[in-house]
1. Determine the shielding of peptide B:98-105 by partner chains: average, over its residues, the number of Cβ atoms on other chains within 10 angstrom of each Cβ.
2. Where in segment A:113-211 are there GluC sites (Glu not before Pro) that are in a DSSP coil and have at most 15 other Cβ atoms within 10 angstrom of their Cβ?
3. Any chance you could get the radius of gyration and Dmax over the Cα atoms of the protein assembly as shown, in Å?
4. Order these peptides, B:102-108, A:107-113, by their mean beta-carbon neighbour count within 10 angstrom, highest first.
5. Return the calculated 222 nm mean residue ellipticity for chain B, to the nearest 500 deg cm²/dmol, obtained by summing -39500 (n - 2.57) across DSSP H runs with n ≥ 4 and dividing by the residue count.
6. Please give the per residue volume of the convex hull enclosing the alpha carbon atoms of segment B:1-98, rounded to a whole number of Å³.
7. Taking the Cα-to-Cβ direction at B:Arg112 and at A:Ala94 and moving 7 Å from each Cα, how far apart do the two end points lie in nm?
8. Provide a whole-number value for the mean count of partner chain Cβ atoms within 10 Å of the Cβ atoms in peptide B:71-79.
Amino acid sequence: MMSQRYSLRCSFPLIIQIAEAHRKPRWLPIAKSKIYRIPKRPEISQEERLELRRINNNYNTKMRAIRRFYAEEWVREKSTLESATSEMSQRLEADEWLRCEELNEMWNKTIAAEREERRAQELTIMEEYSLARMEAKDKDLRERISKASAKIRKEKELCTTFVTPENLEETIDRILSNTVDYNFAIDLKGNTYQGRDSNIQNEDKKIQASN
Amino acid sequence: MPVPPASGTGRYYALAAKSIRLIRQGCTNRPFFHISVTQRKRLNSQPVIEQLGSYDPMPNMNNEKLVALNLERLKFWLGQGAHVTPPVAELLGLSGFFPIHPRSYMTAWRNRRAEKERLEKEETAQSTS
């Protein structure tokens, strides 16, 4: 499908089939049944014909006058426009321009004042916000430092018992001299018997012995 | 093919004949017309030079057929020598911008005559019965 703009630009007449409903194409001949049909002419009486002619003549005369009037008015308007561009309209335009500038400056001033106010407000809000953030950060840092120092203190307390190369022999001797036996036995009642060598008296045997 | 826009896009030649005409813009069973200026030889489906008004031929809820007109531009285009098609001339005549179109008078008196004949026929039928 070619575009409408293309069809407008073409210099030679183009035959475009415009889709109209219920129309057969121009190039098809008259239907066979309609070939010798003569359309009936409208019957207009002489009186009506004369009347129509009269009012049509009147109408055409009036329309001619109206057309001429508008054409002349257009010419007049054009000439006045052209003459006006020389002095009067230029002066008017300059006045208008000055007035517009004054108005614009006034608006600019008011808007500038508003803007300054708004900016100051924004600045204070921003400062408050940043100060609050800084404080929060300081507090967080302090908390972390205190936590870390507490941990360090605890570690320092613990490190008195650490085994170092200096007291290694000493510690080995101490441990070997007093060994701890962590083994223990447990019976059905939940009694624990510490040590590997502890003496356990069997209760059943005790009962039998008593009997 | 997209529907051409209502106004302002049609290319035209200054010296070519213009016509102010009704251009159907509604859809099936809903006629609506734009009153537009186009080049006289162009089809109604092509873009127009300018839209000057609209005409809704279907009576609305207040039994009015609405017509909108841009009279200033109409004057301008008439000054440029644009032709006016009879339907638009009739509308303009009824709106008081032009003298009443002869066709309006003709349809009026024909309707009047038809109505009169119908009434006479009814009367005769009543009298015979």
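1. 5
2. A:Glu166
3. That works out to 53.2, 162 Å for Rg and Dmax.
4. B:102-108, A:107-113
5. -11500 deg cm²/dmol, from helical runs alone.
6. 107
7. 6.4
8. 4
Read the figures in this text as sums done on the coordinates, not as results from a lab. As the structure is a prediction and not an experimental result, all values here were calculated from the model. Because the Cβ atoms are built from the backbone with ideal geometry, glycine has one as well, and the counts that use them run over all protein chains shown.
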